[in-house]
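Everything on this sheet refers to the single structure shown next.
Quick note: the coordinates plus some simple rules give every number you see, no bench work behind them. Fair warning: this is a prediction, and the values are worked out from it, not measured in the lab. Glycine gets a Cβ as well: all are built from the backbone with ideal geometry, and neighbour counts include every protein chain shown.
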Amino acid sequence: MDILETLKTLWTDSGFQSFFVDGGWKNLIMIFISCVLLYLGIKKKFEPLLLVGIAFGCLLVNLSYFGADSTDALYHLDLWDNFLDHDHPDYHSYGAIMRNGGLLDILYIGVKAGIYPSLIFMGVGAMTDFGPLISNPKSLLLGAAAQMGVFLAFFGAVCLGFTGNEAASIGIIGGADGPTAIFLTTRLAPHLLGPIAIAAYSYMALIPMIQPPLMKLLTTKKEREVKMEQTRVVSKTEKIIFPVIVAMFVILLLPSTAPLVGCLMLGNLWRECGVTERLSDTVQNALMNIVTVFLGISVGATTAAERFLSLETIKIIVLGLTAFCFSTVGGLLVGKIMYKLSGGKINPLIGSAGVSAVPMAARVSQMEGQKANPSNFLLMHAMGPNVAGVIGSAIAAGFLLAVFK
Amino acid sequence: MFDNAILSAAAENVKEMSIGDAAVTAIFGYAVVFAGLVILMILLYCTGAYFKSKDAKAKAAADAAKAAAQKEAPAQPETKAEAPLAPGSAGHVKLFDVPDKEAAMIMAIVADKMQKPLNELHFISIKEVK
């Protein structure tokens, strides 16, 4: 055995050597970024359930993928490029992915096929009490208003030179709904999935920092102090009928929303109908956790240095923040209109909860309301717009999908 | 006009999109989201009104039945029995301008902040400070 030759082969096969050829240094930057994301997830507790998985997926792909020659990589960008290339023999061939892909390629099939986001929505539905929305249907207006950022960011993205498909995927970050953003992006602009998913989840985690300054800027102390009246008690029958009505109406209106809205409402029906407690429990806990594991790590895998480190990523991060801010502003402005029209009975702070980050945005409304008036309890009132935002962002995604698919 | 703009946007979506088309698509999209949720709101108001009227009818029927039963029964001295106390309860809390639900929430928050079980605390009264 030629020891020198063996050592040489080991060195040329190793990832360490890859850092020094072509754009290998970019992988080093991505490894640093993944460590920062791990720090934010673990130490700062920024959406840790997803961010830790995304960060580790990012770390794994940048340790193993250094271009098309990386046969041992866990995730292969080139395979997915072939999958999307109309002229390639492996176009839309999951078989080719199964044959030639690594572990993360195979897990990513669940993202690509839209399975994980839909299952996450099923869990969200099973965990959500739509009672506050049913008792106060006006909340839906706030959920609609808070989609303003989606369309403004879409417009901004087109102005910055993105295609319609890319702009739609970027805009949906403003919906503050991770699964919807992933669902739409995998269909319209899969090459942007990494930066969009990271921007969406990072900003969702930063809601307690992003929203309060805007809330203070756009509302007066008098408005923030408003104590809202208790809403009516919703009967069990109404709660059972609600998911059926919403599924029928929204899916008929925008069929492209069927996977998201269908799963959301099925999960909620399991929760409310009272005869499927085992299923509801499984969807809320076991299934949700399993899907979160697969979703996080496979989304993280799309952040290969070759694609992630670009000017486009910076634009997406900026546009995502803009989308979030304008969604908050949209909700607050309609909240202020409702305050005026109701003769001061509605606290406009609940408008910012129209972005669909459940229940974080509602908690922020509660905290700000209580700062202005310690005897104020806005949480249940803010949950109405908050869950309306989930439906609103699914409709916005359905519209963009219908236009650009 | 909107339809044409949207269709042309859809046809050329993969390529560049003009700023005008993007503006029309954004406005139209926002309007669709609003329209969808407004219709849903109307549906919810309709179902809510139906259930409220159903509850009101059921309540009225129950009240009528109760009144009829009282009329038929021989007059008895009015002895309003107090509801039995919950196990472990230390009596009633006097509430001043505070609804029951808010009082329950306040008691739970106090117990949580003091890190003591709720049944070891005795609340005498809760009053809203105006």
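Things worth noting here:
- Sorting B:46, A:325, A:273 by the number of Cβ atoms found within 10 Å of their own Cβ, with the fewest placed first, yields B:46, A:273, A:325.
- Applying 1/(1 + (r/R0)^6) with R0 = 22 Å to the Cβ-Cβ distance of residue A:282 and residue A:49 gives a FRET efficiency near 0.80.
- Quarter the surface of the alpha carbon convex hull of segment A:299-405 and you get the mean projected area, 9.1 square nanometres.
- Using bins of 10 Å that start at zero, the share of Cα-Cα pairs per bin across segment A:260-308 amounts to 23, 37, 22, 13, 4, 0, in whole %.
- Neighbourhood net charge (11 Å Cβ-Cβ; Lys/Arg +1, Asp/Glu -1) for residue A:81: -3
- Distance between the 7 Å Cα→Cβ label points at residue A:13 and residue B:108: 6.0 nm.
- Going from the residue with the fewest nearby Cβ atoms within 10 Å to the one with the most, A:154, B:96, A:162, A:56 rank B:96, A:56, A:162, A:154.
- What you get for segment A:267-405, charging only the Cβ of Lys and Arg (+1) and of Asp and Glu (-1), is a dipole of about 380 debye around the Cα centre.
- Pairs exceeding 18 Å between alpha-carbon atoms, taken from A:345/B:57; A:138/A:340; A:227/A:345; A:43/A:371: A:345/B:57; A:43/A:371.
- 5 angstrom amide H check on residue B:95, placed H, neighbours 5+ away: B:126
- Two-site FRET efficiency, residue B:116 against residue A:31, from Cβ-Cβ distance with R₀ of 51 Å, rounded to 0.05: 0.60
- Spin-label zone in segment A:266-289 - amide nitrogen under 17 Å from a point set 7 Å from the Cα of residue A:240 along the C-beta vector: A:266-280
- Three-way shape call for segment A:178-284 based on the alpha-carbon gyration tensor, with the a/c threshold at 1.5: oblate
- Rounded to the nearest 20 debye, dipole of chain A from Cβ charges on Lys, Arg, Asp, Glu: 2220 debye
- Convex hull volume per residue in cubic angstrom - Cα atoms of the protein assembly as shown: 207 Å³
- Legend: ranking of residues A:87, A:177, A:281, A:72 from fewest to most surrounding C-beta atoms inside 10 Å; resulting order A:87, A:72, A:281, A:177.
- Acute angle (nearest 10 degrees) that the helix A:311-341 long axis makes with the longest principal axis of chain A, alpha-carbon atoms: 10 degrees
- Shape call, segment A:290-336: gyration tensor on alpha carbons, a/c limit 1.5: oblate
- Cut-off 15 Å between beta-carbons: net charge of the residues surrounding residue A:117, Lys and Arg +1, Asp and Glu -1: +1
- Taking the C-alpha atoms only, the angle from helix A:24-42 to the longest principal axis of chain A is near 30 degrees.
- Computed from the C-beta positions of residue A:98 and residue A:258, the FRET efficiency with R₀ = 30 Å rounds to 0.70.
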